[in-house]
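Here the structure is laid out as structure tokens; the discussion comes afterwards.
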Amino acid sequence: MKQLLQQMPLWYWFIWIVGMIMITFNMFQSNSGIINSLALIMINVANAIRVWKKERSLAIAFLVIAALCLVLILKYFYRYVVST
């Protein structure tokens, strides 16, 4: 476990902690999926950057998930913000 924790860079831990704080805050304060989607995009892109050299197919999968979350955000903004 110690070796696994040492392999992860500090910037990744920072982004992961911020993302988890955003998800936890959203769970108790509001019912918006936007904050959850933004947190997931941040975590997935950071994870894709972190594993790009070793496992490229996994990194591409993380980027696809981030793109799907972005589509969800854009769909929400188009439906509720632009149409009103």
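Give the relative contact order (percent, whole number) for the chain; include only Cα pairs under 8 Å separated by 6+ residues.
On the way: 58 pairs, mean separation 21.3, N = 84.
Reported as a whole number, the value is 25 percent.
Is any helix in the chain, taking whole DSSP H runs, at least 18 angstrom long along its axis by alpha carbon and on average at least 1.6 on the Kyte-Doolittle scale, and which ones?
56-76
What would the Debye formula give as log10 I(q)/I(0) at q = 0.32 Å⁻¹ for the alpha-carbon point model of the stretch 26-72, no solvent?
-1.05
Just Asn26, Asn44, Asn36 to compare: in a GNM of the chain, with alpha carbon springs under 10 Å, which one fluctuates most?
Comparing Asn26, Asn44, Asn36 in the GNM, the peak value goes to Asn26.
Given charges of +1 on the Cβ of Lys and Arg and -1 on the Cβ of Asp and Glu, with all other atoms neutral, how large is the dipole of the chain about its Cα centre, in debye to the nearest 20?
I would put it at about 200 debye.
What is the list of residues in the stretch 15-29 whose amide nitrogen lies under 14 Å from a point 7 angstrom out from the Cα of Ile49, following Cα to Cβ?
So the set is 15-19.
Evaluated at 37 °C with a viscosity of 0.692 mPa s, what Stokes-Einstein diffusion coefficient in µm²/s does the chain have when Rh comes from the Kirkwood expression over alpha-carbon pairs?
234 µm²/s
Which trypsin sites (Lys or Arg not before Pro) from the stretch 11-84 combine a DSSP loop assignment with at most 11 other Cβ atoms within 10 Å?
Those satisfying the criteria are Lys53, Lys54.
Could you give the length gained by full extension between Phe28 and Gln6, i.e. 0.36 nm per residue of separation minus their alpha carbon distance, to one decimal place?
Once the chain is fully extended between Phe28 and Gln6, it gains 4.7 nm.
Distance in nm between label sites at Val81 and Trp13, each 7 Å beyond Cα in the beta-carbon direction?
3.4 nm
Computed from the coordinates by the stated procedures, all read-outs in this text should not be read as laboratory data. This structure is a prediction, so every number in the text was calculated from the model and none was measured. Heads up, the Cβs are rebuilt from the backbone with ideal geometry, glycines too, and the neighbour counts pull from every protein chain shown.
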